[in-house]
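Report on one structure; see the data block that follows.
The values are calculated or read from the model by the stated rules, or taken from the named source; none is laboratory data. Here the structure is a predicted model, which is why all the values come from computation and not from measurement. A quick note on method: Cβ atoms are made from the backbone with ideal geometry, for glycine too, and the neighbour counts reach across all protein chains shown.
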Amino acid sequence: MRISKEVKVALLGVVALGSLYFGYLFLKGTDFFTSTRKFYVIYENVDGLTVSSPVILNGVHVGLVENMQIMPEPKHRIKVALNINKEIPIGDSTIATLASSDLLGGKAITLYVRPNSKEYQGGETLISYVQQSLTDMLTAKAMPVLGKVDSTLLKLNAFFNEDAKKSIRATILNTQATTEMVRSMLLSNQRNINAITSNMAELSAALNVTEHKFDKLATNLTQITDSLKTTPINATVRELNATVLEAQNAINKFNQNNGTVGKLMNDDSLYANMNASTESLNALLKDFKANPKRYVHFSLIGGGTKVNKAENVKTATKVKNANTVENTGVVNEVDK
């Protein structure tokens, strides 16, 4: 029996459509080789969850989301159908958590299996829970801040009225004028600025030279201190103490009446004798000035005895070749 071309084309089209359908289901996540059970979960909001989103248990893909539908009730909650592998023990304590699967906002159903008092066979409704995502947490933190920023901006807009804007413009213009004045001043004093810079450079060079001198001074001080460390200071100090002690003993002796120096310093009889001698000498000089002939006798006629051979001036008849009484020169004879 020959099959016509039309039948072959029809059969090929049916096979193609079937392959396309089953391929579409496979791409959506339907596993044709694993038996599954259907369960339901009800959420208030399933933003980010799509059909064929994975159902995960301990990081392992164990099912997928089959469909989602809005329930006919005032809150319009979402009823989600889950196809879960039959080997997974699902019961009255199993929690289906709606959680983020990536940072882009994708969602997945995460199962938390606990010891069950009753095991489900399929068709039951599981306990639902919505885990707060990172985006939700950031949004919750950011919304109060955004509200404060918005109120602050409103206050700033109210503050910056037309008068304030004019004042700000005037301040900006004054700032520009001041900047231009500073610029012109810098240009007009460029030579002075260059001179100041040169002086600073010279000062820095001088400071460097001074620093080297201070380094040498510090080195010399170090050498001095090192030499002082090696010097027998204890012996020097002992000698100095002995010298001071001897000086103290000498001063103590001077303060006493023992010895010539002590008597000179403490006995006032020497002062009295010297004072009396000075007064006698003054009286003698006064008498000598008043009566010189009483002490010296001159002869205007030659002859006479030499002074160095006379007993005294009064007995001399000749004085010659003398500048003083003891060595008199020749003098004309005088009467005795």
query = Would you pick out the residues in the stretch 118-152 that are under 41 Å from the mean Cα position of the chain (by Cα) and either at pLDDT 80 or above or among the acidic types (Asp, Glu) (or both)?
reply = 150, 152
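Could you grab me the full set of residues in the stretch 153-193 that are among the basic types (Lys, Arg), modelled with pLDDT of 80 or more and surrounded by 10 or more Cβ atoms within 10 Å (Cβ to Cβ)?
Pass one, the stretch 153-193, residues among the basic types (Lys, Arg): 155, 165-166, 169, 183, 191.
With the extra rule that they be modelled with pLDDT of 80 or more, the set shrinks to 169, 183, 191.
Residues satisfying the conditions are 169, 183.
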ask   = Among the residues of the stretch 75-134, how many are surrounded by 14 or more Cβ atoms within 10 Å (Cβ to Cβ) and of a type in the set (S, T, N, Q)?
value = 10
message = Looking at the stretch 39-65 only, could you name the residues that are surrounded by fewer than 13 Cβ atoms within 10 Å (Cβ to Cβ) and within 19 Å of residue 94 (Cα to Cα)?
response = 44, 58, 59, 60
query = For the stretch 75-98, what are the residues that are under 14 Å from residue 42 (Cα atoms) and among the small types (Gly, Ala, Ser)?
reply = 81, 96
